[in-house]
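Report on one structure; see the data block that follows.
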Amino acid sequence: MGAGSSTEAEREPLLVPSYTGTNSPVNSRVYRRRWLVLTLFSLLGLMQGMIWNFWGPIQNSAVLAYGFSNSEIAVLVLWGPVGFVPWLLFMWLMDKKGLRVSLLLSAFLMLLGAGLRSVPLPDLHLRRWLIHGGQLLNGLAGPTTMSAGPYLSTTWFAPDQRATATAVASLFCYLGGAASFLVGPLVVPAPNVSQTVNGVAAAVSDNSIQDRIQLILYAELAAVGVLFTAIFFFFPSWPPIPPSVAAASQRLSYRSSICRLLSNLRFLMVALAYAVPTGVIAGWTGVLDMVLTPAKVSQVDAGWIGFWSTIGGCVFGVAMARFADSIRGMLKLILVLMLAGASLSSTWFTLTCLSSVTHLPSTSAILYTSCILTGIFINSSVPIFFELLIETVYPVPEGITCGVVTFLGNLFTGLLLFFLTFYCTAQSKRGGMQSSTEALWRKSACGERRENEGGR
């Protein structure tokens, strides 16, 4: 048994880049333009998160200026998860046409939605409808901006940079939500209840709030317009030469990928572990001002809590992703530690809010710390979950895998916001019935008093 020389056919590569159209060997190469691609994608995700979470941090001001109810504020946040209903279309478009077409469509929907929100109509009823339409169009961009990060990192980045690129691309949507917690309450003044006694002063306060909100809406419209133009001219679908063998390998078809995912029990278990905490924390953060109002937390303080919890999650998530890049095979352990920390901090927050029952100390420092730690542990787990899910179901395309799990996460977000919408509606009806009952009681008491005085 001797070793003979190999033939020309045996020296042909097993994997060739499917999109280069040549039969040349796979020469891995990374391009410096990958940082521009990552920057444009991340900034679009940042704006999508800012627009989605715009109304929650300023809900008290929006109620006074535009006549929204608390349930309508929850619906404005709900349009984000509703936008994931056609996620299969965006994943198919990404799989067949590349990331450029899907991202351009998403950016156009965001531009159209930001334009609808910015129309300065004097009719508040029609204006509210346009705002709802704009939020829905912005939500339709979510399947691409929230799911395509791993696809971008595999297509453009080397394996030792992939987890870090996934973390940056995926977490910038959350960073946009954090920016809205900072920009909204700082630019838009909170309503002053003492000024509403005088009708003239209340009208001036309403106009001031509307002007500040309109200023932010115009700024977001301009930013989305600039990003749409930059993506149109400078965002390619893929690099000329793939950065790794994995990027050039042949993947499963669209239909085969969906069937593989739905029949993989291990994938479904990990996807459920991702969807429940991230979906709940996303919906909870979107209406954080409403949630913390019974705890006597102001609009500005609630904004700072949401800001630091999301910022901490983004920073910690990038650090953990960089750690996972340098030490392979520890994704499961990292996720277990993160979820354990999230469970402890959320339990701490719950017991602090129930201090009348648990008799635990309830101070602002404890409330802020527990709430921020919960956001940090859950938000930072997102890129690690993505990498683990991709490794679990390879060779399913990254965009389809992350599209399924982000759809599940937004499904839980929608369920939470749907419950909050009905809860706020029931509470307002109950409050209206109580106020009408009190008014009737006062009226009858005044009538009896007058009759007694007349008898005297």
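The values are calculated or read from the model by the stated rules, or taken from the named source; none is laboratory data. None of these values were measured; they are calculated from a predicted model. Virtual Cβ from ideal backbone geometry, glycine too; neighbours counted across all protein chains shown. Areas reflect the complete protein model, heavy atoms only, side chains present, ligands, DNA and RNA absent. Shrake-Rupley method; radii C 1.70, N 1.55, O 1.52, S 1.80 Å.
Annotations for the structure displayed:
- Within the shell defined by Cβ-Cβ distances under 15 Å, the residues around residue 89 carry a net charge of +2, with Lys and Arg each +1 and Asp and Glu each -1.
- Projecting the Cα positions of 383, 306, 285 onto the charge dipole of the stretch 240-383 (unit charges on Cβ atoms of Lys, Arg, Asp and Glu, taken about the Cα centre) puts 383 furthest along the positive direction.
- Surface share of carbon and sulfur [accessible, 1.4 angstrom probe, percent] for the stretch 17-145: 67 percent
- Given +1 at the Cβ of Lys and Arg, -1 at the Cβ of Asp and Glu and no other charges, the dipole of the stretch 17-142 around its Cα centre is 600 debye to the nearest 20.
- Using C-alpha pairs below 8 Å separated by at least 6 residues, the relative contact order for the stretch 83-178 is 29 percent.
- Largest to smallest in accessible area, the residues 232, 407, 307, 386 fall in the order 232, 407, 307, 386 (1.4 Å probe, all protein chains included).
- Each principal axis of the Cα atoms in the stretch 251-376 has its own extent, and those three values, largest first, are 53, 32, 28 angstrom.
- Gain in span if fully extended, residue 319 to residue 366, counting 0.36 nm per residue against the direct Cα distance: 14.4 nm
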